Every structure is written in structure tokens, then in C-alpha cells.
Amino acid sequence: MKSIFYTFIWAILSTFFSLVILTVSIGVFHHHVGLSILYAMMGWGVMFAGSRWIAFQLFLKKHGLSRSDYVYIKQHLKEAGQKLVRLKKALFAVKNVQTIKHNYEILRLARRIYTITKKEPTRFYDAQRFYFESLDSVVELTEKYALLYNQPDRSHELEMTLSQTRVTLTELQKQLTNDLQQVLGRDIEALHIELEVADKMIKK
């Protein structure tokens, strides 16, 4: 939300700056209207591009990232976003009341990790197991499960395979929970410290 707000503010300032250029170009230097509009548009472009660059540099500084780090993380977030779309599609392709709650929890955990990382890119390094192992496993397994589950005639062997897959997905859900705990590790540690300080103050 903040980035959208800042972009909006910079757009207004850029527009104001371009109007100033247009006014000065016509009123002071008596340039042709078409040429003045061109100057104004160029001024708007330079102002807006410059403001975006400054905002980006401030963002990198705030999160302690280099440009290459940001590009690397952004690429993996883009891929993860596509995988989450596949995961949602596969999870809800299984029309089974018994698995709805379980499927929703898997999706909730995966989305939560993704959202936190997208908001604070440095946490990507705390969530590497999720991005390089857990997410791929749960997406691939869920897609295969959905495909087999929706077969019209399921043999006993297939039913056994589906049952084993559900067990594995339950284990993966636990792994996603652990991945989330890893991402939130800093916050949990900070809370413990605050609790200790508060406890000491109360005992005084």
C-alpha cells in the first residue's frame, strides 16, 4: 500500500512539474505550443523516472539488499506466485468434504510465507527450504493427487496410493508449519525478549 501511495504522490508532483515547464515554455520563452508540450512530457518522464529510482534505492537501503539480491529474490517470488496458483487449482479440484479443511490449511500456510517474504524480501533467506523444497513438493504431489482422485474408475491399488499420498501431504503440511515458524523466528525471539523485560518490570 505504501509503494502505491508514494507512486501516486510522485505522479502528482511530476504532473505539477510538467505543467510548470509548459507554462514557462509558452509564457516566458514563447515556444510553440507543440514544442512546449513535448518539453513538458519529457520533464514529466524525467521527474517520474527519477522519483521511482530514488524510491527503489530507499527500499533497497531499508531492507539491506543489493540490486542483484533484489532481482534474485523477485524472480523466485514470481515463480512462487505461479506455483501458488497451480496449488490452489489442484487443491480445490478435489471435491471431498473430508479434505477441504486440510487443503485450505496447506494453501493458507503457503500463502502466508509468500506474503511475508514479498513484504519483507530479506526474510526470503529464512524461507529457502520453503521456496526450494516444500513448495515444489506440495505442488507436484497435490497436482498428481488431484489427477488420480478424479479418475472415474479407481482400483483398490489406486485407492491405496491416494491414501498414502494424503498421509504424505499431512507431513508436508507439518513441514510448511515449520517453514513458517522459521520465517517468523526473528519475531518470536523479539517477543521472548520483550516478555522477559516486561516480567522483570512487573517483579520490581
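The values are calculated or read from the model by the stated rules, or taken from the named source; none is laboratory data. Here the structure is a predicted model, which means the values were calculated and not measured. Please note: Cβ atoms are built from the backbone with ideal geometry, for glycine as well, and neighbour counts cover all protein chains shown.
Numbers for the structure displayed
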{"item": "Scan of segment 68-112 for residues that are under 22 Å from Arg166 (Cα atoms) and among the β-branched types (Val, Ile, Thr), ordered by number", "result": "Val85, Val94, Val97, Thr99, Ile100, Ile106"}
{"item": "Any hit, segment 66-81, residues being part of a helix (DSSP H, G or I), of a type in the set (Val, Ile, Thr), within 22 Å of Leu184 (Cβ to Cβ) and in the same structural domain as Val183 (by TED's automatic domain parsing)", "result": "yes"}
{"item": "All positions within segment 54-85 that are surrounded by fewer than 15 Cβ atoms within 10 Å (Cβ to Cβ), at pLDDT 80 or above and among the basic types (Lys, Arg)", "result": "Lys74, Lys78"}
{"item": "Elements of type helices (runs of 4 or more DSSP H) contained in segment 121-204, each with 2 or more residues being closer than 30 Å to Val94 by Cβ and at pLDDT 90 or above", "result": "135-149, 156-183"}
